[in-house]
Amino acid sequence: MMNLGFIGLGAMGRPMALNLRKTDHALWVFSRNPGRAQTLVEAGATLAASPFAVARAVDVLFLNVSDDAAVESVLFGPQGAAAGLRADSVVVDMGTTSPTATRGFAARLAEAGVAWLDAPVSGGEAGAKAATLSIMVGGSVAAFAWVLPLFQTMGKNIVHVGETGAGQVAKACNQIVVSATLLGVAEALTFARKQGVDAAKVRAALLGGSAYSRILEIHGQRMLTREFTPGFRARLHQKDMGIVLAEARQANVAVPSAALAARMLNALVAAGAGELDSAALVTLLERLAGLEA
């Protein structure tokens, strides 16, 4: 039996931590909002007073926080986890963090003998609850092999992509594909409506051909039914695309479709829809086309 820690109990982190708790391993948790830990405490987890208190109790520490600054704070801020970690422990970052920052965090922890895995996920809140997430992992083979049984309690498609940072690179690639496809689906359904054609029937036709995608299936339906309860909040999608564009500039890689999708997400968030699902992008295109919702 191992001692596990989980910091970051938001919409994704809480169900992921609950799936870890279903194993025989002991679990310590921390959240800036203690109320988010209530279901985990009821499931037998121990609520710690700080990231440091979690870290000194555990063999593997999972993080699922919002951005680079949050990871920095949790690890190296006051009462940060880094000061409490043992030399043989592993930190697993399951949030979406920039590859550049990720490599820096890993290097700092390595000085204390702590291993690092970057393991961002795809699949949304539904996938987190159902333990069907896709998990893309960067880090050493040895650390990956040790943590793999724990990943298997949270996801189904688990791929060791490469060395430190490779998991976050894969997540950036995921967001490029998702964003471009999401915008394409929104454009197609808006185009159909503007032409006076039933967009629901157009979607049904496209699902049977080469245009099929999970985005068309799931988010296309959200667009038709106006169901924008977040599976993935637009403001978080906006943050992820900021990472994509910054890393692309650094690597001198052209990402025109990602850049366009990022601008549309910026506009969506600026319009006050940051807490809605990213599928709400369709509402911007409808306004531009002069269509009513």
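Based on this model, can you work out whether Gln221 counts as at pLDDT 95 or above, closer than 24 Å to Leu133 by Cβ and outside the structural domain of Ser66 (by TED's automatic domain parsing)? It is true that Gln221 is at pLDDT 95 or above, closer than 24 Å to Leu133 by Cβ and outside the structural domain of Ser66 (by TED's automatic domain parsing). Residues that are assigned to a helix (DSSP H, G or I) and under 21 Å from the mean Cα position of the chain (by Cα) were ranked within region 18-38; the one that is nearest to Val92 (Cα to Cα) is Leu20. No other residue among Ala205, Ala180 is in the same structural domain as Ala280 (by TED's automatic domain parsing), over 22 Å from Lys129 (Cβ atoms) and surrounded by 15 or more Cβ atoms within 10 Å (Cβ to Cβ) apart from Ala180.
Among residues belonging to region 89-117 that are assigned to a helix (DSSP H, G or I) and of a type in the set (Gly, Ala, Ser), point out the one that is nearest to Leu245 (Cα to Cα). Step by step, filter region 89-117, then rank; the result is Ala101. Each residue in region 120-165 was checked for being assigned to a helix (DSSP H, G or I) and either within 22 Å of Arg214 (Cα to Cα) or within 15 Å of the chain's Cα centre (by Cα) (or both), and 8 of them qualify. Taking the options Gln250, Gln168, name whichever one is assigned to a helix (DSSP H, G or I), surrounded by fewer than 21 Cβ atoms within 10 Å (Cβ to Cβ) and within 25 Å of the chain's Cα centre (by Cα). After applying the criteria, what remains is Gln250.
Which of the residues that make up region 264-288 are surrounded by fewer than 18 Cβ atoms within 10 Å (Cβ to Cβ), within 20 Å of the chain's Cα centre (by Cα) and among the charged types (D, E, K, R)? Passing the criteria: only Glu275.
Within region 2-17, the set of residues being touching a strand residue (DSSP E or B) at 6+ places or on another chain (Cβ under 6 Å) and either part of a helix (DSSP H, G or I) or farther than 23 Å from Leu133 by Cβ (or both) comprises just one member, Ala17. State yes or no: is Val60 of a type in the set (A, V, I, L, M, F, W, C), touching a residue at least 60 places away in the same chain (Cβ under 8 Å) and either surrounded by 15 or more Cβ atoms within 10 Å (Cβ to Cβ) or over 18 Å from Gly138 (Cα atoms) (or both)? Yes; evaluated as a whole, the condition is true for this residue.
Exactly one residue among Val90, Val159 is crowded, with 20+ Cβ neighbours inside 10 Å and aliphatic (A, V, I, L, M), and that residue is Val90. Taken over region 113-135, residues that are of a type in the set (A, V, I, L, M, F, W, C) and in contact with a helix residue (DSSP H, G or I) (Cβ under 7 Å, 6 or more places away or on another chain) amount to 8. No other residue among Leu260, Leu216, Leu245, Leu291 is part of a loop (DSSP other than H, G, I, E, B) and either surrounded by fewer than 21 Cβ atoms within 10 Å (Cβ to Cβ) or without any contact (Cβ under 8 Å) to a residue 12 or more places away in the chain (or both) apart from Leu291. Across region 228-240, a minimum of one residue is classified as within 18 Å of Ala199 (Cβ to Cβ) and at pLDDT 95 or above.
Taking the numbered list (1) free of Cβ contacts under 8 Å to residues at least 60 places away in the same chain; (2) under 24 Å from Pro120 (Cα atoms); (3) outside any helix (DSSP H, G or I) in turn, Glu227 passes all entries but (2). Going by the structure shown, is Leu61 in a strand (DSSP E or B) and more than 17 Å from Lys129 (Cβ to Cβ)? Taking the combined requirement at face value, the residue satisfies it.
The values are calculated or read from the model by the stated rules, or taken from the named source; none is laboratory data. What you see is a predicted model; the values in this text were computed from it and never measured. So basically every Cβ, Gly included, is an ideal-geometry build from the backbone, and we count neighbours across all protein chains shown.
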